[in-house]
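Below is one structure, written out as structure tokens; comments come after it.
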Amino acid sequence: MDSKVSALPLSGFWTWDHSTNWSADVTKVESGCFNRYAKTPESFLEDYRLLMDAMSAQGIGWLIIWGLLRDSHGGEGAAHELLRLARERGVRVLAGVGVNAYGGVYWEGDHPWNLGTWLRKNPALRAARRKSLMPNSCGRDIACPSKEENIAWARQAVQWLLTRFDVAGMNLETGDYGLCGCDDCRRACGDREAPCAFEDMARVLPPVIDAACAVRPEAVITYATYAPFDSALARTPPAFARTIAPQAVCQWTLTPMAGPAPDGWPEGLRPPTARNVGFSHWGSQWTAPNTRHALIIEHIRNLCRRGARSGLEGIFIHGEVSPEYSFAWRLNYAAFAHFLRRPQDSLEDFAATLGALFGGEEEAVVAVRWLTEPTDSPTLQARIAESLRRHERHAALPHRPWDQVARMLWARTL
């Protein structure tokens, strides 16, 4: 395989605007979902410019941005400028779009295509919920999926987005924080307690995707399931696999399938939908324990290897942490770029490419082996100390990589 050609071409980074920290702005939000934007508008563009510079250098082509359109970091004007920067770097942006949830097309602001604005003007179209989710907080409004007016509004909203902005497509979500319990929804889908439902996806996504394709047939439309795929789904495909247009790309949640242990992902298991990508939350605040600053290169290798064998078109991981402030993410991003092109490579194959960072190929292989071996190894700390003594000549290298390895390994054993 040509090392410059990705085996998983529809791959990239998933980001929230409020927690993407690549610039020097000291305001760094590292957790939370319905957060307001706390940085300056200039930092929004600088965060993403630096991220896209790195993507271009590593040949990673796709970027999902939730919060692309938000008043507090410049609204439509800032989005146009960000997309101009993306075009210059060969990065293709998928706008995060909520359908009946997550702000709609325009995440936050008094805007015609913001879901909260729409529902304040049309309160009868809100979802009926047993438990309030602070509807006045940005992004928490939920529209009833059984109301035709909401579907018509969502269709117009995505067409506005795709005709006004030079995005490569959209990443759709129907909301995983509550279902409507009105009589119409109960008649359509029963009385449900789950936070999200395949039935709603099967009903509301087809007309929205069809409207998007009508104005931009070449647009890439991905949609989140919030769920992994398994043998049961392969035997009995969900309703949305039949109702959603086959050119749309199903996004499966790989978090429980490929980490920390890959027991939930049998070799070669294929999803029940025609086109597929996977998304993992490992390396973010959305795991327990929090892995936002963790080294996950073995997990990345497993994602790419199993994803390629399962026929996925791509893999998405979080891209919010700058490698300038995280040695772990310097390695994580390098591993992602490597295994997207060579998913069958071993960790040693990847480590051998890091000689410039660790002062030699052999040293790099040893360092990566130690970083990924079980932390209960009784000789681990002794080997670190011995290695640091033997490799004092590397102390002058930028970022003192052997010291970084020692600190990371020590933190893992606490």
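Values in this text are rule-based calculations from the coordinates and carry no lab data. Owing to the predicted nature of the structure, the values given are computational and were not obtained by experimental measurement. Because the Cβ atoms are built from the backbone with ideal geometry, glycine has one as well, and the counts that use them run over all protein chains shown.
Could you run the Karplus curve 6.51 cos²θ - 1.76 cosθ + 1.60 with θ = phi - 60° over region 39-48 and give me ³J(HN,Hα) per residue in whole Hz, x for Gly and Pro?
These are the phi-based 3J(HN,Hα) values: 8, 7, x, 5, 5, 4, 5, 5, 4, 6 Hz.
In region 3-59, which trypsin sites (Lys or Arg not before Pro) are in a loop and have at most 11 other Cβ atoms within 10 Å, using DSSP for the loop call?
Qualifying residues, ordered by number: Lys4.
Would you grab the residues whose amide H sits under 5 Å from the one on Gly104? Only those 5+ places off in sequence or on another chain, please, with H modelled 1.01 Å from N.
Gly98, Leu115
Work out the charge dipole of region 1-125 with +1 on the Cβ of Lys and Arg and -1 on the Cβ of Asp and Glu about the Cα centre, then indicate which of Leu51, Leu10, Thr27 is farthest towards its positive end.
It is Leu10, whose Cα lies furthest towards the positive end.
Please list, ordered by chain and number, the residues whose modelled amide H lies under 5 Å from the amide H of Ala143; skip anything fewer than 5 residues away on the same chain.
Placed amide hydrogens put Ala101, Ala127 under 5 Å from Ala143.
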